[in-house]
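The values are calculated or read from the model by the stated rules, or taken from the named source; none is laboratory data. Just so it is clear, the structure is predicted and the values come from calculations on it, not from any experiment. For neighbour counting, all protein chains shown are included, and Cβ atoms are generated from backbone atoms with ideal geometry for every residue, glycine included. All accessible areas refer to the heavy atoms of the entire protein, side chains included, with ligands and DNA or RNA removed. Shrake-Rupley method; radii C 1.70, N 1.55, O 1.52, S 1.80 Å.
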Amino acid sequence: MSDDNTVKTTMVTCTAPVNIAVIKYWGKRNEELILPINSSLSVTLHQDQLKTTTTVATSRSFEEDRIWLNGKEEDITHPRLQSCLREIRRLARKRRNKTNPDLDVAGLSHKVHICSINNFPTAAGLASSAAGFACLVYTLARVFGVEGELSVIARQGSGSACRSMYGGFVQWILGQRDDGKDSLAQQVEPESHWPELRILVLVVSADRKPIGSTSGMQTSVKTSLLLKLRAECVVSKRMEDMIEAVCQKDFSTFAGLTMKDSNQFHATCLDTYPPIFYLNSVSQQIINVVHKYNEHYGETRVAYTFDAGPNAVIFTLEQHVPEFVQVIKHVFPSESNGGKFIKGLQVDDTILSEELKQCIGLEPMLNKISYIISTKVGPGPRVVEDHSEHLLGSDGMPKKTQ
Ligand code: DP6
């Protein structure tokens with residue numbers, strides 16, 4: 001106890017990004033350790049637009065581990081949360097025993113309070129668990145002074161979270177070992193590698209909540225022969241080609257592989273029994289628009305990919321953004337509901353040629369896209385140095401402002 005009778009609290013705040021897979025992870029060979037049946041590759045999105053912020057505090061005065069997510073206290077006994085906490089504490093103990101057995105590294109025996117928020121609405125349907133678990137593991141590691149390979153721990157929170165531990169272009173290597181120590185994320189290229197690449201998240205107004213990834217992929221592993229074929233015969237070559245395309249900044253190959261892999265993932269969902277439908281009629285129309293647009297120019301200028309929901313993520317180059325956004329506005333007109341239709345990086349207005357409109361030639365679908373988030377490739381997790389940004393107060397409880 002310090003002189004003024006207050007108990008010392010150690011507090012760290014970090015942020016972590018969302019990632020979007022262009023070669024999809026779908027299916028586990030080990031449910032508990034979260035080991036995948038195939039490797040995958042993703043692009044880390046910029047945290048200026050999409051991020052999770054997490055504060056972790058430890059203090060001798062805390063009676064139990066507690067967690068608050070987006071303003072609401074959640075169950076800390078969740079097995080995946082427990083895996084991450086247990087693994088970080090184990091590494092911290094190992095480190096202490098090596099360096100100084102008497103040292104209590106940031107209160108190893110102390111309980112933690114965790115508070116986490118996203119800067120994007122959960123309703124946007126973006127996989128918040130990847131950014132969430134990456135941020136949790138990164139922040140816990142800072143608090144307990146743990147260094148080294150943290151993606152294997154984030155992976156045990158949510159598979160895709162291991163890829164959010166790095167910025168830029170990231171692969172999650174399948175690994176061979178049964179203990180999962182070699183199933184980890186690696187940066188393929190940093191965020192500065194391909195500055196012209198742009199990402200548009202088309203938030204589709206969804207009526208119903210789709211089947212979650214965890215249970216969806218369990219049923220796929222049990223029932224889909226196509227998924228087995230994909231994991232055994234398709235993905236490893238695709239990973240090689242994708243890495244080459246990223247390294248060469250070959251947009252046309254990158255885009256083609258991205259669309260084919262999204263389509264194959266959704267085909268395995270249809271091949272699942274009973275089938276899983278993540279794409280809806282709006283998603284299908286977006287797919288049509290992208291292909292018509294590329295056909296019009298006789299080259300691949302735009303690519304789509306879809307995860308476990310109807311929202312589209314579009315990849316394109318900076319120079320094509322204004323026109324493609326105008327095409328989307330043309331096919332999916334939105335009656336202004338007060339909010340901005342384009343959020344994030346600014347998109348300039350442009351006028352579509354009659355020829356292009358005719359070539360796209362689809363019936364407009366009113367109010368089917370709620371808004372677009374315009375962003376680019378971004379960096380990995382970061383420590384927030386400004387202490388006023390802590391989400392927990394000095395008493396270790398969430399600040400009232402959240
Ligand atoms: C379709 O990582 O959410 O987004 O490991 O069970 O937590 P769990 O699943 P999760 O699955 C993501 C699936 C995907 C494809 C991808 O991100 O690779």
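Results, tabulated for the structure shown:
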item: Degrees, to the nearest 10: 128-143 long Cα axis against longest axis of the chain; result: 30 degrees
item: Segment Gln346-Thr99, length gained on full extension (0.36 nm per residue, minus Cα span); result: 83.9 nm
item: Relative contact order, percent, region 7-103 [alpha-carbon distance under 8 Å, six or more residues apart]; result: 27 percent
item: Region 1-100: GluC sites (Glu not before Pro) in DSSP coil with no more than 14 other Cβ atoms inside 10 Å; result: Glu31, Glu32, Glu63, Glu64
item: The chain, relative contact order in percent, only Cα pairs under 8 angstrom and at least six apart counted; result: 23 percent
item: Space enclosed by the convex hull of the alpha-carbon atoms of the chain, per residue, Å³; result: 150 Å³
item: Region 352-392 and region 222-244: distance between their alpha carbon centers, rounded to Å; result: 29 Å
item: Region 68-198, accessible area per residue, ligands and nucleic acids excluded (1.4 Å, Å²); result: 44 Å²
item: FRET efficiency estimate (nearest 0.05) - Cβ-Cβ, Glu318 to Glu354, R0 35 angstrom; result: 0.90
item: Trypsin sites (Lys or Arg not before Pro) within region 98-199: DSSP coil, no more than 12 neighbouring Cβ in 10 Å; result: Arg177, Lys181
item: In degrees, nearest ten, helix 321-331 long axis to first principal axis of the chain (Cα); result: 70 degrees
item: Helix axis angle, 281-297 relative to the chain longest principal axis, alpha carbon, degrees; result: 60 degrees
item: Surface share of carbon and sulfur [accessible, 1.4 angstrom probe, percent] for the chain; result: 49 percent
item: Point-charge dipole on Cβ atoms (K/R +1, D/E -1) for the chain, about Cα centre, debye to 20; result: 960 debye
item: Peptides 303-310, 236-243 ordered by average Cβ neighbours within 10 Å, highest first; result: 303-310, 236-243
item: Glu389-Glu363 pseudo-label distance in nm [points 7 Å out on the Cα-to-Cβ vector]; result: 4.8 nm
item: FRET efficiency estimate (nearest 0.05) - Cβ-Cβ, Lys209 to Ser109, R0 56 angstrom; result: 0.90
item: Volume per residue that the Cα convex hull of region 222-350 spans, once the total is divided by residue count, Å³; result: 136 Å³
item: Coil-residue chymotrypsin sites (Phe, Trp or Tyr not before Pro) of region 207-291, DSSP, other Cβ within 10 Å capped at 15; result: Phe277
item: Accessible area (Å², 1.4 Å probe, nearest 10) - Asp349; result: 130 Å²
